[in-house]
């Protein structure tokens with residue numbers, strides 16, 4: 001019996017099907033990450049051209065931390081619905097999958113409209129809370145960029161919901177195409193608005209708005225195709241189903257809390273690096289604006305911005321594999337075979353380690369070259385290189401365990417454990433260590449600037465790896481997925 005079990009072949013996803021699911025998602029992640037990269041790159045060179053008139057690129061980077069927190073919230077709700085949809089498809093219940101998809105889409109649209117309006121109204125208080133210490137010109141840039149990008153939130157919500165539902169039915173090529181449209185549109189509009197029309201940060205915001213609106217509408221059209229396994233037509237009569245909404249929220253709320261706290265932690269640690277303690281001494285450079293006033297250029301914040309952008313690229317392949325797990329493991333859970341679920345977990349882990357290793361190796365080799373493209377000082381670029389060499393070595397070993405593993409657990413509906421562990425690790429390791437190592441509020445501790453931020457992050461990755469790998473090996477995720485109960489009923 002044991003030998004027969006070992007030889008058992010699983011055909012829910014063939015090798016070719018996995019490739020055509022994962023590869024477009026990875027390419028999509030590359031295009032999506034490129035949006036922030038090109039915004040930051042082009043704005044940083046505006047600073048250089050205009051003789052350091054202000055830290056416009058810091059303003060864009062700071063607001064993007066807030067935007068990413070909100071975007072991840074939309075993504076969490078989309079993930080919740082996509083997991084339930086994937087499980088329904090695995091159980092071959094197409095009618096239920098379609099009903100859940102419509103509930104999800106309308107739920108995310110309502111949420112994104114509400115949050116977008118709130119951010120427009122609370123623009124100043126939100127920015128003052130996180131970045132009240134920046135100079136007046138940078139703060140004004142932040143307000144402009146935040147106003148424009150907040151208008152794009154409904155489109156982000158729509159895009160995330162449609163993308164998650166298309167991936168759940170294995171149509172990841174559509175999401176890749178949409179991300180490509182968004183990326184190339186963003187680059188063209190950035191160049192037009194910032195360099196031809198001279199709109200600066202406003203131009204960066206307008207480019208972002210348009211490059212989010214067009215792909216979102218494209219994705220809605222693709223999801224409305226009647227040939228899809230899951231087809232949602234937004235203009236058809238609709239009302240919320242309490243039972244289905246609760247089922248979506250049972251996964252979406254813990255996932256939303258986890259991702260929101262994760263982004264909040266990143267926002268807090270970035271705030272530490274941008275704190276006023278770097279306005280003097282070797283951690284800043286003195287320059288003069290057009291009015292002849294002396295200003296400080298925060299080389300730690302600039303170096304950290306570069307490191308974050310390039311680290312995002314190093315994570316795209318691993319992130320793509322993690323997103324694929326929601327479909328692969330979700331459908332395997334829906335099929336109701338625990339052994340099949342474990343089989344695909346092993347396959348996805350192997351793919352994650354291979355893909356992550358290749359991606360990290362490529363970025364490591366390109367660090368000296370790519371950092372030169374930024375319009376920052378040589379000191380900021382050197383800080384970025386040091387931070388990247390440090391964090392990428394940790395990422396090489398820990399990324400699949402710290403990020404692919406929780407995606408697998410989410411796909412089994414084990415979302416509460418993921419939430420508790422992720423939030424605990426974030427605040428006990430990343431936020432606490434970054435605070436202690438980047439500020440001068442506690443005498444006697446080293447002030448490491450941007451490097452303190454990355455030490456905290458690497459420590460967070462290590463703890464996450466331990467917590468999530470232990471959960472997978474214990475097999476307790478089977479209870480959350482219902483597989484233990486189903487097997488008992490069959491016996």
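Against the definition (closer than 15 Å to residue 258 by Cα and within 17 Å of the chain's Cα centre (by Cα)), how does residue 431 come out, yes or no? So residue 431 does not fit the description; no.
If you go through region 373-386, how many residues are modelled with pLDDT under 85 and over 23 Å from the mean Cα position of the chain (by Cα)? Going through region 373-386 one residue at a time, the tally reaches 7.
Only a single criterion out of (1) more than 30 Å from residue 207 (Cβ to Cβ); (2) modelled with pLDDT of 80 or more is not satisfied by residue 28, namely (1).
State yes or no: is residue 212 surrounded by fewer than 22 Cβ atoms within 10 Å (Cβ to Cβ) and modelled with pLDDT of 80 or more? No: the conditions fail for residue 212. The residues on offer are 91, 86, and the sole one that is surrounded by fewer than 16 Cβ atoms within 10 Å (Cβ to Cβ), at pLDDT below 90, within 25 Å of residue 170 (Cβ to Cβ) and in contact with a helix residue (DSSP H, G or I) (Cβ under 7 Å, 6 or more places away or on another chain) is 91. Here is a check on your reading of the model: is residue 167 under 30 Å from residue 338 (Cβ atoms), free of Cβ contacts under 8 Å to residues at least 60 places away in the same chain and either in a helix (DSSP H, G or I) or more than 22 Å from the chain's Cα centre (by Cα) (or both)? When the stated conditions are applied, residue 167 does not pass them.
The requirement of being surrounded by fewer than 20 Cβ atoms within 10 Å (Cβ to Cβ) and assigned to a helix (DSSP H, G or I) is satisfied by residue 250.
Among all residues of region 283-296, there is none that is touching a strand residue (DSSP E or B) at 6+ places or on another chain (Cβ under 7 Å), buried (at least 24 other Cβ atoms within 10 Å of the Cβ) and at pLDDT below 80.
Once region 419-456 is narrowed to residues that are surrounded by fewer than 18 Cβ atoms within 10 Å (Cβ to Cβ) and part of a helix (DSSP H, G or I), the residue that is modelled with the lowest pLDDT is 432. Inclusion of residue 200 among residues that are touching a helix residue (DSSP H, G or I) at 6+ places or on another chain (Cβ under 7 Å), buried (at least 17 other Cβ atoms within 10 Å of the Cβ) and either at positive phi or free of Cβ contacts under 8 Å to residues at least 24 places away in the same chain (or both) is warranted.
Put simply, of 99, 128 the only residue that is surrounded by fewer than 22 Cβ atoms within 10 Å (Cβ to Cβ), within 30 Å of residue 194 (Cβ to Cβ) and at pLDDT 85 or above is 128.
Based on this model, can you work out whether residue 462 counts as part of a helix (DSSP H, G or I), modelled with pLDDT of 90 or more and out of contact with any helix residue (DSSP H, G or I) (no Cβ under 8 Å at 6 or more places or on another chain)? It is false that residue 462 is part of a helix (DSSP H, G or I), modelled with pLDDT of 90 or more and out of contact with any helix residue (DSSP H, G or I) (no Cβ under 8 Å at 6 or more places or on another chain). Within this structure, residue 67 passes the test of being part of a helix (DSSP H, G or I) and modelled with pLDDT of 80 or more.
Among the residues making up region 256-281, those that are buried (at least 21 other Cβ atoms within 10 Å of the Cβ) and either more than 25 Å from the chain's Cα centre (by Cα) or at pLDDT 85 or above (or both) are 258, 278.
Exactly one residue among 353, 344 is out of contact with any strand residue (DSSP E or B) (no Cβ under 7 Å at 6 or more places or on another chain), under 30 Å from residue 88 (Cα atoms), touching a residue at least 60 places away in the same chain (Cβ under 8 Å) and in a helix (DSSP H, G or I), and that residue is 344.
Being buried (at least 23 other Cβ atoms within 10 Å of the Cβ), at pLDDT 80 or above and more than 30 Å from residue 341 (Cβ to Cβ), is that true of even one residue in region 103-120? Yes, that holds for at least one residue.
The values are calculated or read from the model by the stated rules, or taken from the named source; none is laboratory data. As the structure is a computational prediction, the values presented were derived from the model and not from experiment. Glycine also receives a Cβ, built like all others from the backbone with ideal geometry; neighbour counts cover every protein chain displayed.
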